[in-house]
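Participant: Dumping the structure here so I can ask a few things about it.
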Amino acid sequence: MATKVLDSWALIAFFEDEPAAERVEKLLVKAEAGTHKLLLCVVNWGEIYYNTMRAVSHDAAEQKAKEIAGLTIEIVSVDNKNLELVRQAATYKATKRLSYADAFAAALAKIRDAELVTGDHEFKQVEDDIQIDWLR
């Protein structure tokens, strides 16, 4: 079973019905069918939450959280049992021009040998290190 990591960019595109939404929806349907596994780092979950809160409201952010919980996406935690993820994210942040949240998405893809699903061009800096499924 293939594993894919969703960046917050991908889920925001899906929720806001942007051009990439159809491709993300297909990934979600395949995950529901058990064709592949979708991962989302809790840091990227937080990025979706705070972006929604800033742009709309606290209630809208809570609604997004419920919607994400209803999807077939494994939320990967950041804790002392997952220091490899934190170390890789810190390395990307120190050596690449990535936001800290994006560093976690890239790190999760790297340590899980998964493909990162995004349309955020900031990830061009790590495309030699991880597989990226570019959403357009």
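Participant: For Lys64, work out the one condition from (1) over 18 Å from Ile12 (Cβ atoms); (2) touching a Phe, Trp or Tyr at 6+ places or on another chain (Cβ under 8 Å) it doesn't fulfil.
Facilitator: (1)
Participant: Could you say whether any residue in region 89-111 is in a helix (DSSP H, G or I) and farther than 23 Å from Asp133 by Cα?
Facilitator: Step one: filter region 89-111 for residues in a helix (DSSP H, G or I), giving 89-95, 100-111.
Among the residues that remain, those that are also farther than 23 Å from Asp133 by Cα are: 94.
Yes, there is a match, as at least one residue in region 89-111 is in a helix (DSSP H, G or I) and farther than 23 Å from Asp133 by Cα.
Participant: Among the residues in region 115-135, are any hydroxyl-bearing (Ser, Thr, Tyr), touching a strand residue (DSSP E or B) at 6+ places or on another chain (Cβ under 7 Å) and surrounded by 12 or more Cβ atoms within 10 Å (Cβ to Cβ)?
Facilitator: Checked against the condition, which is being hydroxyl-bearing (Ser, Thr, Tyr), touching a strand residue (DSSP E or B) at 6+ places or on another chain (Cβ under 7 Å) and surrounded by 12 or more Cβ atoms within 10 Å (Cβ to Cβ), region 115-135 yields at least one hit.
Participant: Tell me yes or no: at least one residue of region 24-47 is among the hydrophobic types (A, V, I, L, M, F, W, C) and over 25 Å from Val126 (Cβ atoms).
Facilitator: yes
Participant: Check Ala103 against each of (1) without any contact (Cβ under 8 Å) to a residue 12 or more places away in the chain; (2) in contact with a helix residue (DSSP H, G or I) (Cβ under 9 Å, 6 or more places away or on another chain) and name the one condition it does not meet.
Facilitator: Only one criterion in (1) without any contact (Cβ under 8 Å) to a residue 12 or more places away in the chain; (2) in contact with a helix residue (DSSP H, G or I) (Cβ under 9 Å, 6 or more places away or on another chain) is unmet by Ala103, namely (1).
Participant: Taking region 35-79 on its own, how many of its residues are of a type in the set (Lys, Arg) and over 16 Å from the mean Cα position of the chain (by Cα)? So that I can check it myself, show each step before the final result.
Facilitator: Restricting attention to region 35-79, the residues satisfying the condition of being of a type in the set (Lys, Arg) are 37, 54, 64, 66.
Retained after the next criterion (residues that are over 16 Å from the mean Cα position of the chain (by Cα)): 54, 66.
So the count comes out to 2.
Any read-out appearing in this document is the output of simple, stated calculations on the displayed coordinates, not a laboratory observation. Bear in mind the structure is a predicted one, so any value in this text is a computation, not a measurement. Quick reminder, even Gly has a Cβ in these numbers, built from the backbone with ideal geometry, and neighbours come from all protein chains shown.
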